[in-house]
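Step one of this worksheet: look at the structure below.
Only the coordinates and a few stated rules stand behind these numbers; no lab work does. Quantities reported herein were computed from a predicted structural model and do not represent experimental measurements.
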Amino acid sequence: MQEQNEYLTEENYQRANKKVKWGGRIAILIGISMILIGIFVIKVPDMDADGWFEASMKRDLLIFPGVFITIVGCIVRFLVANQRSITAYQIQQMRPIAQEGIEKMAPSAGVVAKEITKGVKEGLKEDKKN
């Protein structure tokens, strides 16, 4: 049986990330193709001609989903596939803020630790007396 840690290797991460990037690229290509077919291939006659409504619906049923698929493909390709880099950047930006908070809390944490130690020592002395 495989250990759970095998799924967390760098090689497996890179392989999965490559698949996600390719999925995003494919979605972008499909979406752009649908948009271009809707714009350039499907001819819509003038509003006065027969079949105008049906032709415009065919065109719209290609263009609008094409736009949606393209946007989803871009999100997958550029955000999801780069999530590790984005998260690392965000953490790097938060480090000075966290460090500042720790430095401000350290003196009061020391006082609290001393009080706890003092209370424990007093409690042990009382236990020994009883």
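What full-extension length gain, to one decimal in nm, is calculated for Val20 and Ile71 as 0.36 nm per residue of separation minus the Cα-Cα distance?
This chain segment gains 16.9 nm when fully extended.
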Legend entry - Quotient of Cα Rg and 2.2 N^0.38 Å for the chain, N being how many residues it contains: 2.20
Legend entry - Partners for Lys104 among aspartates and glutamates (Cα-Cα distance below 20 Å; same-chain residues under 8 apart left out): Glu115
Inset, instruction - Name the lysines eligible as straight-distance cross-link partners of Lys125: C-alpha to C-alpha under 22 Å, and not fewer than 8 places from it in the same chain. - result: Lys114
